[in-house]
Structures are given as structure tokens and as C-alpha cells.
Amino acid sequence: MPSWMTGLVVAVVVLAAATVVGLLWQRRNGRLRAVEGGGPVPEQDAEAGVLARLGVPADAPVTLLQFSSAFCAPCRATRRICAEVSERLDGVVHLEVDAESHLDEVRALNVLRTPTLFVIGAGRQIVQRASGAPTKPQLIAAVAPLLTEPAGAGQSS
């Protein structure tokens, strides 16, 4: 095979791989994912302590905890969406945290990029998380079940 043909094949393979990675990244960006709560109790207690230090109220039905950075355009969009949802729905609190100023908490909650959004239920239980900017319908769909649950329904004894 001539060398120019080898270069062409390599270029096509690299472009195809980059396209697949880009499409997967775009599909996952901003999507809220359920957080499994089956971890050991000490780990949950440590997580609740981190959330308490960040000011997450234990008695709020839903808290939207957003980690942002100063020069992040998607962070501004996420801030706007979270503010609109918290204004529209009673019982939803929005807290925004500067990731750079809270590095210990960033590490403890495994925040890898901004914006990262946590949907936190009553009792400081992380229910869902998203990396990237979610849409308003996605966020409302994630929050609504937490607002309709009877008190204590999501907590185990």
C-alpha cells in the first residue's frame, strides 16, 4: 500500500473516532443521573457532613447544589435554569458554590468539571447529579418526584 494511502486511512480512522467521542460526550453532557445510595453508612455520614459545610439545609425538600467556576459560560446558563426552577416550585432551594474556593468539598464529592449539579433530597441525600448544563424540563422532571413524596418516604430506617 502506498504511503499516501496509509496516511489517508489513518486520517479517516482518527476523524471517525473523534466524531464518535464527540457524539457520546454531547449525549451525556448535562444529563441527570441517579446516584446510588447503597454505600456504607460512614461514607453517607461523611457526605452529609460535606453538604452541611456547604450550607445545604437538612429540612429542605429539594436542594439544587451547583458547583461553578468564574469563567464558565455553561455555569451561567445552569445558574439561570436552577433559579427559574427554584422560583417556580415551592420547596426547591438553589445553592451555588465556587468550586475553586471549596477544593476539599470538590474532592469529597468527586466533582471533575463545572458546572456539576447535585439534586439533593430531604435529609441531605444526594439523589441525582449532572456534569454540564441540564435543560429546564430535565431538571423539573428530576425535582418533581421529590416534591410529591410523603415526608420520610425516601429515607430508610
Portion, in percent, of the accessible area of the stretch 60-154 that falls on carbon or sulfur, probe 1.4 Å: 54
Probe 1.4 Å, all protein chains present, accessible-area order of THR114, THR148, largest first: THR148, THR114
Computed label-point distance, nm, for sites VAL10 and ALA73 using a 7 Å Cα→Cβ extension: 3.3
Most to least accessible of SER68, SER101 (protein chains only, probe 1.4 Å): SER101, SER68
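The values are calculated or read from the model by the stated rules, or taken from the named source; none is laboratory data. Note that the structure is a prediction, hence the values are computed from the model and not measured. Note that we place each Cβ from the backbone using ideal geometry, even for glycine, and neighbour counts take in every protein chain shown. For accessibility, only protein heavy atoms count, side chains too; no ligands or nucleic acids. Shrake-Rupley method; radii C 1.70, N 1.55, O 1.52, S 1.80 Å.
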